[in-house]
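To start, the structure under review is shown below, and the notes come after it.
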Amino acid sequence: MTQTKTLAEIAELWKNDKKLYVKKSTFSAYVLLLENHLLPVFKDYTEIEDKDVQQFVFQKLEQGLSQKSIKDILIVLKMVLKFGAKNKWMQFINFEVQYPTVRETHTIEVLSRIHQKKVMSYIQEHFTFRNLGVYICLCSGMRIGEICALTWEDIDTDNGIINIRKTIQRIYVIEDGERKTELLIDTPKTKNSIREIPMSRDLLKMLKPFKKIVNPAFYVLTNDSKPTEPRTYRSYYKNLMRFLEIPDIKFHGLRHSFATRCIESKCDYKTVSVLLGHSNISTTLNLYVHPNMEQKKKAIDQMLKALK
C-alpha cells in the first residue's frame, strides 16, 4: 500500500478522473449520490467491510428509499472503492448485501382507453402548443425531457417522422462546495434513445400546416427560441388533467399508456422496444407484457389440445 486515504479523499480524486469520461448529467447524478448518501456515512472510513455496507442498506430502507435507489448508490460506492484500490489507497472488498423480500408488486400507471380518447379529443378541439406536447407523447411514447427538447426541425412532415436526438433536464452542480442547478440540453439517455418515430395520420394532419410557417429552430412546446423545462411542463400537464377530470397519473404515465396500447394492439415486442428507445427488449417485456386470465386459459387449452 502507498498512503492510506479516507473515502472522502478518494472520492474527490475519483470525481476529477470520472468527469473526463462520462456525460455531464451522469456525472451530476454520481456527485449527488455521493454528497447526499455516501459521504455523510463513510467519509472518514479508510476500510469498508460487508457489515458496514449491510448496515447502510438497512438504514436507507428505513429512510424509505427503494431497493433500486440503494443499488444505484452502491454502484457509485463500488466505483470509488475500485478506484481507491487501483491506486493502493484503500483495500477493495467485494461486498455482497442482502435485501428483505419485497412482497408488493409494482404496477405502472396507465390511462384507460376512455380517458386517453377524452384527452386526445380535447387537444384536437382546443389546440395550443403545450397541449400538442401531451398529444405527441400519447402518439409516440416520448419521455418528458425529449418532448421539452423537441424542435420543429426534428419533425419531418414530408416523411411523417419525429427524430429524437436530444433531451433536456435540470441537473445539480456542486462547485466549490456550493450547490446550484443548471438546465442541460444533451443527447438522450442511451444510444438506443436516439430514434425515429413514425407519426400517426391524425398527428401528421395536425402538424403539417404549422411546419410550413414556423421557425425550424424553435421549440415545439413554446414555439419560441427558449424551451420550457420538464418541471414546468409537468405542472402544466397536472393542471390539464385536473381540468379534464382525469385520474391523477404521472407524466411518465403517457409513455406507459402508449406502450400499453401498442401491446394491446398485438404489436410485436421488438418494435415496441425500439419505438420506446429501450436498451434491450427485456425492459419492455418486464414492464408491459403481463398475460391476462384469458390469454392464460388460451395457452392451457392449446397445450391440452396438442396433447390429445
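The values are calculated or read from the model by the stated rules, or taken from the named source; none is laboratory data. Remember, predicted model here, so these are calculated numbers, not experimental data. Glycine gets a Cβ as well: all are built from the backbone with ideal geometry, and neighbour counts include every protein chain shown.
If I filter the range 121-134 down to residues being part of a helix (DSSP H, G or I) and without any contact (Cβ under 8 Å) to a residue 24 or more places away in the chain, which single residue comes out as farthest from Met241 (Cα to Cα)?
Here the residue is Glu125.
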Name the single residue that is surrounded by the most Cβ atoms within 10 Å (Cβ to Cβ) among those in the range 122-175 being polar (S, T, N, Q) and in contact with an Asp or Glu (Cβ under 7 Å, 6 or more places away or on another chain). Thr167
Helices (runs of 4 or more DSSP H) contained entirely in the range 1-64, each with at least 1 residues that are touching a residue at least 60 places away in the same chain (Cβ under 8 Å): 7-18, 24-33
Return only the number of the condition from (1) outside any loop (DSSP other than H, G, I, E, B); (2) within 18 Å of Ser140 (Cβ to Cβ) that Ser282 does not satisfy. (2)
Check off (1) outside any loop (DSSP other than H, G, I, E, B); (2) over 29 Å from Val173 (Cβ atoms) for Lys82 and give me the number that stays unchecked. (2)
Need the failing condition index for Thr46 against (1) in contact with a Ser or Thr (Cβ under 9 Å, 6 or more places away or on another chain); (2) hydroxyl-bearing (Ser, Thr, Tyr); (3) exposed (fewer than 14 other Cβ atoms within 10 Å of the Cβ), just the number. (3)
Can you tell me which of (1) over 28 Å from Gln169 (Cβ atoms); (2) out of contact with any Asp or Glu (no Cβ under 6 Å at 6 or more places or on another chain) is the one Thr6 doesn't meet? (2)
Those residues of the range 246-274 that are assigned to a helix (DSSP H, G or I), among the aliphatic types (A, V, I, L, M) and either exposed (fewer than 13 other Cβ atoms within 10 Å of the Cβ) or in contact with a helix residue (DSSP H, G or I) (Cβ under 7 Å, 6 or more places away or on another chain) (or both) come to a total of 4
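Going residue by residue through the range 213-225, is there one that turns out to be in contact with a Cys (Cβ under 7 Å, 6 or more places away or on another chain) and at pLDDT 95 or above?
Yes, the range 213-225 contains at least one residue that is in contact with a Cys (Cβ under 7 Å, 6 or more places away or on another chain) and at pLDDT 95 or above.
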The condition from (1) more than 20 Å from Pro230 (Cα to Cα); (2) assigned to a helix (DSSP H, G or I) that Asn159 misses is numbered (2)
Asn239 vs (1) surrounded by fewer than 17 Cβ atoms within 10 Å (Cβ to Cβ); (2) in contact (Cβ under 8 Å) with a residue 24 or more places away in the chain: all pass except (2)
Does the range 201-228 hold any residues that are surrounded by 12 or more Cβ atoms within 10 Å (Cβ to Cβ), more than 28 Å from the chain's Cα centre (by Cα) and either among the aliphatic types (A, V, I, L, M) or part of a loop (DSSP other than H, G, I, E, B) (or both), and which are they? Val214, Asn215
Residue pairs within 7 Å by beta carbon, gap of at least six or interchain, first lying in the range 258-281 and in the same structural domain as Gly133 (by TED's automatic domain parsing), second surrounded by 12 or more Cβ atoms within 10 Å (Cβ to Cβ) and of a type in the set (Phe, Trp, Tyr), listed first then second, are Ala259/Tyr288; Thr260/Tyr288; Ile263/Tyr288; Ile281/Tyr269
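A quick yes/no check of all residues on (1) surrounded by 15 or more Cβ atoms within 10 Å (Cβ to Cβ); (2) in the same structural domain as Ile171 (by TED's automatic domain parsing); (3) of a type in the set (S, T, N, Q); (4) under 28 Å from Thr181 (Cα atoms):
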| position | (1), (2), (3), (4) |
| --- | --- |
| Ala11 | yes, no, no, yes |
| Val22 | no, no, no, yes |
| Ser25 | yes, no, yes, yes |
| Leu32 | yes, no, no, yes |
| Leu38 | yes, no, no, yes |
| Phe42 | yes, no, no, yes |
| Lys51 | no, no, no, no |
| Gly64 | no, no, no, yes |
